[in-house]
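These notes are about the structure you will find just below.
The values are calculated or read from the model by the stated rules, or taken from the named source; none is laboratory data. Nothing here was measured: the structure is a model prediction, and the numbers come from that model. As a convention, Cβ positions derive from the backbone with ideal geometry for all residues, glycine included, and neighbour counts pool all protein chains shown. Side chains are part of the model used for accessible areas, which takes the heavy atoms of the whole protein and leaves out ligands, DNA and RNA. Shrake-Rupley method; radii C 1.70, N 1.55, O 1.52, S 1.80 Å.
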Amino acid sequence: MSILSFNSDSDQPALTKFFVDELSDVLNAEKQLTKALPQLEMAATSPDLAKAFAEHLKVTQNQIARLERVFKIIGMSPKDKKCKGMEGLIAEGQAVIKDTEDGSATRDVGLIVAAQKVEHYEIAAYGSLRQLAKMTEKAEIAQLLEETLQEEKETDMLLSNLAESFINEDAKQVDG
Ligand SMILES: [Fe+2]
């Protein structure tokens, strides 16, 4: 099934409105994340994990600037509307902090799980937005969203590698 078969002229205004709504949603999601990432950084046990959260904060701030550029290209001032999905995911991360012991490996594993859920949510959001941008013939915007999409995928991969390194670390300790 080709989703592009919807691309008739009469669909364009409604699709563009939907696109802007989704854009506002993800802008709010990123803003929520900039507030949550310092908490995750402070809670992390592994210095590598703490560093990953700190670096992702910078990436996220840049992604917000990129979204603001997208709004500018459309000719709108940036607006954001509460993203309930991200709100729920952040609440899960906070629950991990509350339910695990400070300085424990379990906490780090829990934080990685929570952070990967966030990344997968964002990958879905930016993947869909990029598709919508293509459908409504916004090539420059599609390119900007693609950059962010790749950054989210890289972060997801980095978190997977960190989880992997924890497992290897544990194996070494067991081997003595
Ligand atoms: Fe992001």
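For the full complex of protein chains and a 1.4 angstrom probe, list 167, 64 by accessible area with the highest value first. Please list the in-between numbers first.
Values: 167 105, 64 25 Å².
Largest accessible area first, the list is 167, 64.
Residue 98 sits among other residues whose Cβ lies under 14 Å from its own Cβ, and their net charge, with Lys and Arg +1 and Asp and Glu -1, is -3.
Against the criterion of solvent-accessible heavy-atom surface with a 1.4 angstrom probe, 35, 51 sort, most first, into 35, 51. In the assembled protein chains, residue 151 presents an accessible area of approximately 40 Å² (probe radius 1.4 Å).
Placing unit charges on the Cβ atoms of the charged side chains and taking the dipole of the chain about its Cα centre, the candidate lying farthest along the positive direction among 90, 167, 65 is 65. The candidates 128, 77, arranged from most to least accessible area with a 1.4 Å probe in the full protein assembly, appear as 77, 128. Here the range 35-141 has 55 percent of its accessible surface on carbon and sulfur atoms, given a 1.4 Å probe and all protein chains in place.
Counting only protein heavy atoms and a 1.4 Å probe, the chain has 56 square angstrom of accessible area per residue. For the chain, set up a Gaussian network in which alpha carbons nearer than 10 Å are linked by springs, and say which option among 139, 114, 54 fluctuates the most. Per the Cα network of the chain with a 10 Å cutoff, 139 tops the list. Report the local net charge at residue 134: Lys and Arg +1, Asp and Glu -1, summed over other residues whose C-beta lies under 15 Å from its C-beta. Taking every Cβ under 15 Å from that of residue 134, the sum is -4. Counting lysine pairs in the range 80-176 that sit 8 or more residues apart in sequence, or on different chains, and whose Cα atoms lie under 20 Å apart gives 5.
Each residue of the range 65-82 was assigned a 3J(HN,Hα) from its phi angle through the Karplus curve 6.51 cos²θ - 1.76 cosθ + 1.60 (θ = phi - 60°); the sequence is 4, 5, 5, 5, 5, 4, 4, 5, 4, 6, x, 10, 7, x, 10, 9, 10, 3 Hz, with glycine and proline shown as x. Short-range pairs are left out: with C-alpha atoms under 8 Å and at least six residues apart, the relative contact order of the chain is 25 percent.
Among residues other than residue 83 whose Cβ falls under 12 Å from its Cβ, what is the net charge (Lys/Arg +1, Asp/Glu -1)?
-3
Residue 120 contributes about 100 Å² of solvent-accessible surface, heavy atoms of the protein only, 1.4 Å probe.
For a straight C-alpha distance cut-off of 19 angstrom, the aspartates and glutamates reachable from residue 79 (same-chain residues fewer than eight places away being disregarded) are 21, 22, 25, 30, 68, 87, 122.
For a quick protection proxy, order the peptides 99-106, 27-34, 39-46 by their average other-Cβ count within 10 Å, most packed first.
On the way: 99-106: 11.5, 27-34: 20.5, 39-46: 18.8.
The densest-packed peptide leads the list: 27-34, 39-46, 99-106.
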